[in-house]
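Step one of this worksheet: look at the structure below.
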Amino acid sequence: MQQAYILARNTQLKFYKNVPLYINGKGVNFVIYKPSGMTLNDMRIEEGLFPEKMYIKQEDKIKGLQEAQKAFNQELKENIRTNNSQKIKDTIVNIMRETLTEPRSGSLEAVSETVDILVTEYTSESDVIKNLLKVSAKDYTTVLHSINVMALVLGYAGYMNYSLDHKKILGLSALLHDVGKTKINTELLTTSRKLTAEEFLEIQRHTIMGHNILKTCKFRNKEIKLTAQQHHERLDGSGYPNRLTQISEAAQIIGFIDCYEALTNDDRPYRSAMYPLKALNFMKYDVEAGKFKKIIFEKFAYSLL
């Protein structure tokens, strides 16, 4: 009986409408606190006037997350309308942090709406993506890295004048390219020491794990799961996990931009950031070595202007 109920996340409480909330009664009995069809009063949440622990049924977990995602997306629309770059980024961070607590079919598809909002608004508000990139990240996490990569990718796609659908696929692929890292030991991802060969192989597995997570989702375009698997492959066969030389277009673009973002981010645990020009000069050696396409390098550099 008790296993059918799980603790509700406090960050999602105010968004639950169609998800009932329960409190733990005497013994193992759970009593309904908020029925479906209504929300908790916002003021009561702000003042902490609700039971310390509330529960939802295990079967309602994804439904609850989807309700939270929907509410965050409404916030995102308003933030873009008012051109508040910090709130835009904060809201996207909240969406992705909540999504990656349960990265599977049902939750990952919902971030499509987030990308749709950004891409649609980007066509009418050209400064949205650039302003998003100007907001400095406070800590280096998979969430913030993925958001930064997405913003850079959408900037590139805009410069290339891709269609709306193409932009959306690239944006979604970028946002989810590292989803497999949710299955990797966080200590390995944040340590400042040199990794052992075994530990590095463990981190490399995030590409396979990401592909396995996304192939269970109902995305129509295969580029999304291929990007998760192939964004560390290189055209000369020196990448991982499969040392491919034939790589999807999205994976090539996002793989290049993924490297650039990693080099220029201020909060990597193991080194300082490079200035954009220095990072591009550094990556030029990999382009000349045949790891990346020259055209992607050149067009991306122009997209930064």
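Computed from the coordinates by the stated procedures, all read-outs in this text should not be read as laboratory data. The structure displayed is predicted, hence computed values, not measured ones. Every residue, glycine among them, receives a Cβ derived from its backbone with ideal geometry; neighbour counts consider all protein chains shown.
Please compute P(r) over all alpha-carbon pairs of segment 208-259, binned at 5 Å starting from zero, and give each bin as a whole-number percent.
Reading the bins upward from 0: 5, 24, 31, 25, 12, 4, 0.
For segment 110-116, what does the Karplus curve 6.51 cos²θ - 1.76 cosθ + 1.60, with θ = phi - 60°, yield as ³J(HN,Hα) per residue in whole Hz, taken in order and with x for Gly and Pro?
Listing the rounded values in order: 5, 6, 4, 5, 4, 5, 4 Hz.
Bins of 10 Å, beginning at zero and ending with the bin holding the largest distance: percent of Cα pairs per bin for segment 194-305, please.
Whole-percent P(r) values from 0 Å outward: 13, 39, 37, 10, 0.
Tell me which of 32, 49, 115 sits at the most positive position along the dipole axis of the chain, charges placed on C-beta atoms (Lys, Arg +1; Asp, Glu -1).
32
With a ≥ b ≥ c taken as the square roots of the eigenvalues of the C-alpha gyration tensor of segment 146-260, please select rounded if a/c is under 1.5 and otherwise prolate if a/b is larger than b/c or oblate if it is not? Mind showing how you got there, number by number?
Values: a/c = 1.67, a/b = 1.64, b/c = 1.02.
Cα axes put segment 146-260 in the prolate bin.
Expressed as a rounded percentage, what relative contact order does the chain have, with Cα pairs under 8 Å and six or more residues apart?
Details: 434 pairs, mean separation 39.5, N = 305.
About 13 percent, as a whole number.
In nanometres, what is the gap between the two model label sites at residue 238 and residue 74, each 7 Å from Cα along Cα-to-Cβ?
Each label point lies 7 Å from its Cα, and together they span 5.1 nm.
How many angstrom lie between the Cα centre of segment 78-123 and the Cα centre of segment 204-240?
The distance from the Cα centre of segment 78-123 to that of segment 204-240 comes to 21 Å.
Within the set of other residues whose C-beta is less than 12 Å from the C-beta of residue 247, count the net charge using Lys and Arg as +1 and Asp and Glu as -1. It would help to have the intermediate numbers written out before the result.
Working: positive: 234, 243, 291, 293; negative: 223, 233, 236, 249.
It works out to a net charge of 0.
Can you give me the angle between helix 249-264 and the longest principal axis of the chain, using Cα atoms only, in degrees from 0 to 90, rounded to the nearest 10?
Roughly 90 degrees, rounded to the nearest 10.
Report the convex hull volume per residue for the chain, counting only C-alpha atoms, in Å³. Kindly include the intermediate steps, with their values, before the conclusion.
Working: hull volume 46.9 nm³, N = 305.
Dividing the Cα hull volume of the chain by its residue count gives 154 Å³.
With a sphere of radius 11 Å drawn around the Cβ of residue 216, what net charge do the other residues whose Cβ falls strictly inside it have (Lys, Arg +1; Asp, Glu -1)? Can you show the working numbers first?
Values: positive: 104, 215, 218, 225; negative: 109.
Result for the local shell: +3.
Test of understanding: what is the full-extension gain from residue 281 to residue 193, defined as 0.36 nm times their sequence separation minus their Cα-Cα distance?
Details: separation 88, 0.36 × 88 = 31.68 nm, distance 2.61 nm.
That works out to 29.1 nm of additional length.
So if each residue of separation counts as 0.36 nm, and I subtract the Cα-Cα distance between residue 33 and residue 216, what length gain in nm does that give? Could you put the intermediate results ahead of the total?
On the way: separation 183, 0.36 × 183 = 65.88 nm, distance 3.40 nm.
Taking 0.36 nm per residue and subtracting the Cα distance, the gain is 62.5 nm.
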